[in-house]
Amino acid sequence: MTDRRPRVWVSQPLFDDTVAQLALHCDVVSTDAVTKHDSASLSANLADMDGVLITLNERIGAAEIANASALKMIANVGVGYNNLDVPALNAAGIVASNTPDVLTETTADLGFSLLMAAARRIVESDRWLRDGKWGQWSFTTMLGADLHGSTLGILGMGRIGQAIARRGHHGFGMKVLYHNRSQLPAEQEQAVGASYVGFDELLASVDHLVLVLPYTAQNHHIINAAALAKMKPTATLINIARGGIVDELALVDALANGRLASAALDVYENEPNVRPELLALDNIVLTPHIGSASLATRRAMVQVALDNLLAGLGIGPDAGKPVNAINAELLSNGTARIAVAGKKIYDKKR
Ligand code: GLV
């Protein structure tokens, strides 16, 4: 039997010490420059690997894993995992993990920053000032919408939604309404200061709406022209979830024609491409998917992903049990390719 170190691919440059940490246990193939991996590049890079550390820019499904007969573990550095075809991974017995919790507060901070920036026209004001227009100031220049005392709506009430609710309720004295697949228990609603309403009521009642729901085929374009028409024309819309949740052309139309006051997007339908129609609008703030991008949080995310990857490769305190497995049923039903605790996997013939 040949005992060997697991082989691991890191899809993008992360922090300098990431590869060094992995190299203590694995043979690592790293990526030294930011790279757009197409399907062929992913297939080639996955082919000979036991584990991979990837970002949400790498889309992995049946085609990409077709030749990856040794692949046991995919550690996604991010909480959302719509870049992974989970049924295809399940069929192959490949466990995948994400990085929840560590990014909750940072992402909620960004959501709130975008809300403040859009409602109070901060980025637009900055551009206007730099363009030398202050001489045209009038009493009604850059009038925006208040946050304090207003009604905040949250669509999707997971960890990040709850963190935004707390900010709105406790920090800004906002009335907070939310809609979610399921209603929170009463004590949790009370702790974050939020009340459950139906989807249409949410749209119609709020002054500001923040989207924080996971993206699925069912909620593709859930914020479309019809939904936008139900919102107040004075309202603000913030999307920090996934681009596909909002029909961008319908949003452009609403913003351009006074049916919605302002918006902010951190996520887009076709990243990294941003529609020129969005770029042309003044009443929208656009950021490049930076929800979790604080130094401390990005470092924490990489550490969580590393721990999961090593666990999936049968290494470390959680060997055989990656804490953040998103398809953990493979571990309990015995269909996972990864090592079960106590058994080695690298001396098996492949
Ligand atoms: C970012 O969008 C993430 O899902 O972590």
task: Go through (1) modelled with pLDDT of 95 or more; (2) assigned to a loop (DSSP other than H, G, I, E, B); (3) not β-branched (Val, Ile, Thr) and name the single condition Ala296 misses.
output: (2)
- prompt: How about the stretch 1-48: which of its residues are of a type in the set (D, E, K, R) and under 17 Å from Arg59 (Cβ atoms)?
  reply: Lys36, Asp38
- line: Across the stretch 276-293, the tally of residues that are buried (at least 16 other Cβ atoms within 10 Å of the Cβ) and not aliphatic (A, V, I, L, M) stands at 5
task: Give the residue, chosen from Gly316, Gly334, Gly320, that is outside any strand (DSSP E or B), at pLDDT below 95 and touching a His at 6+ places or on another chain (Cβ under 9 Å).
output: Gly316
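Considering each of Arg242, Arg181 in turn, give the residue that is among the charged types (D, E, K, R), surrounded by fewer than 18 Cβ atoms within 10 Å (Cβ to Cβ) and under 27 Å from Asn82 (Cα atoms).
Arg181
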- request: State yes or no: is Ser30 among the small types (Gly, Ala, Ser) and within 16 Å of the ligand (Cβ to nearest atom)?
  value: no
- prompt: within 15 Å of the ligand (Cβ to nearest atom) and part of a loop (DSSP other than H, G, I, E, B), is that true of Gly111?
  reply: no
task: Mind counting the residues in the stretch 26-50 that are surrounded by fewer than 17 Cβ atoms within 10 Å (Cβ to Cβ), under 19 Å from Val77 (Cα atoms) and not hydroxyl-bearing (Ser, Thr, Tyr)?
output: 6
- prompt: Tell me, which residue of the stretch 177-207 that is of a type in the set (Val, Ile, Thr) and assigned to a loop (DSSP other than H, G, I, E, B) is nearest to Ala229 (Cα to Cα)?
  reply: Val206
Members of the stretch 286-337 that are more than 16 Å from the ligand (Cβ to nearest atom) and touching a Lys or Arg at 6+ places or on another chain (Cβ under 9 Å): Ala311, Gly312, Leu313, Gly314, Gly320, Ala328, Leu330, Leu331, Ala336, Arg337
- line: Counting only helices (runs of 4 or more DSSP H) entirely within the stretch 1-106, those with at least 1 residues that are more than 18 Å from Arg337 (Cβ to Cβ) are 16-23, 39-46, 62-65
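Where in the stretch 222-279 are there helices (runs of 4 or more DSSP H), lying wholly inside it, with at least 2 residues that are of a type outside the set (S, T, N, Q) and over 27 Å from Glu58 (Cβ atoms)?
Passing ranges, in order: 225-230, 248-256.
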message: Quick check on Arg275: is it more than 12 Å from the chain's Cα centre (by Cα) and not assigned by TED's automatic domain parsing to the domain that holds Leu114?
response: no
query: Are there any pairs with C-beta distances below 8 angstrom linking a residue in the stretch 285-299 that is farther than 16 Å from Ala263 by Cα to a residue that is more than 12 Å from the ligand (Cβ to nearest atom) and assigned to a loop (DSSP other than H, G, I, E, B), with the two at least 6 apart or on different chains, and if so which?
result: Arg298/Phe15; Arg299/Phe15
Selection count, the stretch 26-63, where residues are touching a residue at least 24 places away in the same chain (Cβ under 8 Å) and of a type in the set (S, T, N, Q): 6
- request: Kindly list the number of the only condition in (1) over 30 Å from Arg5 (Cα atoms); (2) buried (at least 19 other Cβ atoms within 10 Å of the Cβ); (3) in contact with a Gly (Cβ under 9 Å, 6 or more places away or on another chain) that fails for His221.
  value: (2)
- request: Tell me which residues, restricted to the stretch 128-157, are surrounded by 12 or more Cβ atoms within 10 Å (Cβ to Cβ) and part of a helix (DSSP H, G or I).
  value: Trp128, Leu129
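The values are calculated or read from the model by the stated rules, or taken from the named source; none is laboratory data. Because the structure is predicted, anything quoted here is derived from the model rather than measured. Virtual Cβ from ideal backbone geometry, glycine too; neighbours counted across all protein chains shown.
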